[in-house]
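Encoded as structure tokens, the structure appears first; notes follow it.
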Amino acid sequence: MTAFNHTSICAKLAKMAFLALVLVFCACVSLSDSSCSWTLLNPGARYCVDRYDNSKHPMGSTWTNKQCIRCNCSPRSMGCCDAMGRVTNLSQGCTVKYDYNKCTFKVYNPTNPNIKCSYDVVI
């Protein structure tokens, strides 16, 4: 009976390890499809460096850069996400104008403002 319990425990541990691996894979796929990125910091790092403009930021800080990317600096990593979103699948004849000072955008038809434009946004 001891061998059966040992086999059962090993099977459960293998199943748990497999499920943990699947969970990590799903998280990676989710992060790669989103407009966010994560950077691990070197041990002992005292600040984060924004990879878009090379500005330095202290631990615990949060900032939004000129590309409307919002970042957070923690002792082990820096996470950055698109704060504005990007327009995709824009209907024909329509234009998007990004306002990087306010981190907003406007979608419109330049030849006929009465035409409603359809679009998707990736955030």
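Bear in mind these aren't lab numbers, they're just calculated from the coordinates by the rules spelled out. In this text, all values refer to a predicted model and were calculated from it rather than measured experimentally. FYI the Cβ positions are ideal-geometry reconstructions off the backbone, even for glycines, and counts take in every protein chain you see.
Mind listing which trypsin sites (Lys or Arg not before Pro) in segment 34-74 are in a DSSP loop and have 16 or fewer other Cβ atoms within 10 Å?
Numbers: sites: Arg46, Arg51, Lys56, Lys66, Arg70; in loops: Arg46, Arg51, Lys66.
Filter output for segment 34-74: Arg46, Arg51, Lys66.
In a shell of Cβ-Cβ distance under 11 Å around Tyr108, excluding Tyr108 itself, what net charge do Lys and Arg (+1) and Asp and Glu (-1) give?
Counting the neighbours of Tyr108, the net charge comes to +3.
Could you give the alpha-carbon Rg of segment 61-123 over 2.2 N^0.38 Å, rounded to two decimals? List each step's numbers first, then the result.
Values: Rg = 15.1 Å, N = 63, 2.2 N^0.38 = 10.6 Å.
Computed over Cα atoms of segment 61-123, the ratio equals 1.43.
Given Cβ point charges of +1 (Lys, Arg) and -1 (Asp, Glu) and nothing else, what value in debye, to the nearest 20, does the dipole of segment 30-123 about its Cα centre take?
Values: 11 positive and 6 negative charges, 45 e Å.
In total the dipole reaches around 220 debye.
If contacts are Cα pairs under 8 angstrom and at least 6 residues apart, what is the relative contact order of segment 38-96 in percent? Display every interim value, and only then the final one.
Numbers: 84 pairs, mean separation 17.0, N = 59.
Averaging sequence separation for qualifying contacts and normalising by length gives 29 percent for segment 38-96.
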